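Computed from the coordinates by the stated procedures, all read-outs in this text should not be read as laboratory data. Note that the coordinates shown come from a computational prediction; the quantities given were computed from them, not determined experimentally.
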Amino acid sequence: MDEESFLYVVGRKKDIIKAGGNRVSSKEIEHALYEHDSIAEAAVIGVKDDVMGEEIKAFVVLKKGIKGAEQTKILKDFLKKRLAPYKVPKYIEYLNSLPKNKSGKIQKRKLSQYGE
């Protein structure tokens with residue numbers, strides 16, 4: 001808040017995904033994913049879509065012993081109970097690990113290059 005009592009929201013611009021006219025927080029979706037017992041790590045990004053502008057894509061690392069092919073429907077159903085329908089990722093990709101920088105922060109920019 002500044003001296004004139006104006007409040008400014010600051011944060012990462014790319015943490016907001018513009019999907020079909022809706023602004024969606026990637027952090028909100030990540031938080032919901034982390035509530036599921038099978039998730040070890042998660043990151044959510046927007047991927048380019050000619051019709052929707054962006055579509056939501058989640059990258060997840062599953063806990064040991066859990067298979068991705070079996071989890072997609074389970075995860076989407078889980079998220080549908082916690083998020084508005086337009087916030088549920090269209091795509092879920094399973095990775096062995098998420099790319100991180102030296103301080104351990106997930107590098108979402110690198111994730112956007114996966115699957116291109």
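Which whole-number percentage describes the relative contact order of the chain, with Cα contacts under 8 Å and a sequence gap of 6 or more? Show your work: numbers first, answer last.
Working: 168 pairs, mean separation 26.9, N = 116.
Computed value for the chain: 23 percent relative contact order.
Fully extending the segment from LYS64 to SER103 would add 11.7 nm, taking 0.36 nm per residue of separation and subtracting the current Cα-Cα distance.
The angle separating the long axis of helix 68-80 from the principal Cα axis of greatest extent in the chain is about 40 degrees.
Each residue of region 17-34 was assigned a 3J(HN,Hα) from its phi angle through the Karplus expression (A = 6.51, B = -1.76, C = 1.60, θ = phi - 60°), giving 9, 9, 10, x, x, 9, 9, 10, 7, 5, 5, 4, 5, 4, 4, 5, 4, 5 Hz with x at Gly and Pro. For the cross-link pairs LYS63/LYS90; LYS48/LYS90; LYS27/LYS67; LYS27/LYS64, the ones whose C-alpha atoms lie over 18 Å apart are LYS63/LYS90; LYS27/LYS67; LYS27/LYS64.
Gain in length, ALA84 to LYS110, computed as 0.36 nm per residue apart minus the alpha-carbon separation, to one decimal in nm?
Numbers: separation 26, 0.36 × 26 = 9.36 nm, distance 2.72 nm.
Taking 0.36 nm per residue and subtracting the Cα distance, the gain is 6.6 nm.
Between region 18-37 and region 75-116, how far is it from one alpha carbon centroid to the other, in angstrom? A separation of 9 Å, based on Cα centres.
Pairs of Cα atoms in the chain fall into 10 Å distance bins, from 0 up to the last occupied one, in shares of 13, 43, 31, 10, 3, 0 percent.
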